[in-house]
1. For region 1-76, what is the percent of antiparallel DSSP beta bridges, rounded to the nearest 5?
2. Ranked from the most accessible area to the least, with a 1.4 Å probe and all protein chains present, what is the order of Leu131, Leu154?
3. Name the most mobile residue of Glu140, Glu21, Glu205, meaning the one with the largest mean-square fluctuation, in a Gaussian network model of the chain with Cα contacts below 10 Å.
4. Could you state the accessible area per residue of region 1-142 in Å², with a 1.4 Å probe and every protein chain left in place?
5. Net charge around Ala61, counting only other residues with Cβ within less than 11 Å of its Cβ (Lys, Arg = +1; Asp, Glu = -1)?
6. Suppose the chain between Arg208 and Ser14 were pulled fully straight at 0.36 nm per residue; how much longer would it get relative to their current alpha carbon spacing?
7. Heavy atoms only, probe 1.4 angstrom, no DNA, RNA or ligands counted: give me Lys84, Lys184 ranked by accessible area, highest first.
8. Please list, ordered by chain and number, the residues whose modelled amide H lies under 5 Å from the amide H of Tyr47; skip anything fewer than 5 residues away on the same chain.
Amino acid sequence: MIHLITDCELTVTSEPLPFEEAHKLLIDVFWEQAYALNPRLWNGLYYMFSDVQIKDGHLRARAHRTDFATFLYWRENGSDNITKHITATTFPTLADGSLLAVRMSQHTANAGRIYFPAGSFDRPDIVKNKLDPMISMTREMTEETGVSLEPNWLEGSLLAVEIDNSIYITRKSNLPHSFEAVEKIWRKHQKNGGDDEICGLVQIESTRHIPGEMPRYAVELCKYHFGNEDYDQN
């Protein structure tokens, strides 16, 4: 389901995440095993959410500081239906109306997956004790592709894609570039020390071209953009 969001309030709390406290020992063991298989993983700051509500265009939640190990354990072992994953994702269209996505490198936790430039919330995204999804989107777009999102490229209101126990906040942006032009910017960005979590760019021209490696939320955004007749918007 995709919601139109007119007000987003993700309040950072100092309270620990109950899910982490309840599963701490299992999380530690899980992380040791995951790290042994992939030493490139980094157990950095991560935000998970409780008291999540979406009503009449208002998205509200409490953001708890935790770590990436907790998120990975939550993702692989199932939610308690209280703890939620909320993140921000870009939604970039190209000059010809196609969509721009990225492919994740093999050393990442999402190896081989294809989705729009995105990443987890971080400390710079906090404004007056609230996480700002637009700051996160703008930062991730630049870090992953080398393209800086300009304010006049943004279209419409925020959208929130709700899939199971995850919510993906986004806003469409209209890049005045062709795929080839963005790819050129990205290659230069990579040579200058860009994000090695990205191993390539992907152009999506219609619902018939949606890659099988795309997660469900990104597929829903593709359908939303291309006006799939089976899409049910709420």
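1. That works out to approximately 55 percent antiparallel.
2. Output order, biggest surface exposure first: Leu154, Leu131.
3. The residue that fluctuates most here is Glu21.
4. 47
5. Value of the local net charge: +2.
6. My answer for the length gained is 65.3 nm.
7. Lys184, Lys84
8. Close amide H contacts, sequence-distant or interchain: Thr66, Phe121.
The values are calculated or read from the model by the stated rules, or taken from the named source; none is laboratory data. Everything numeric here is computed off the predicted structure, so don't read it as measured data. Positions of Cβ are generated from backbone atoms using ideal geometry, with glycine treated the same way; all protein chains shown enter the neighbour counts. Just the protein is used for accessible areas: all its heavy atoms, side chains included, with ligands, DNA and RNA removed. Shrake-Rupley method; radii C 1.70, N 1.55, O 1.52, S 1.80 Å.
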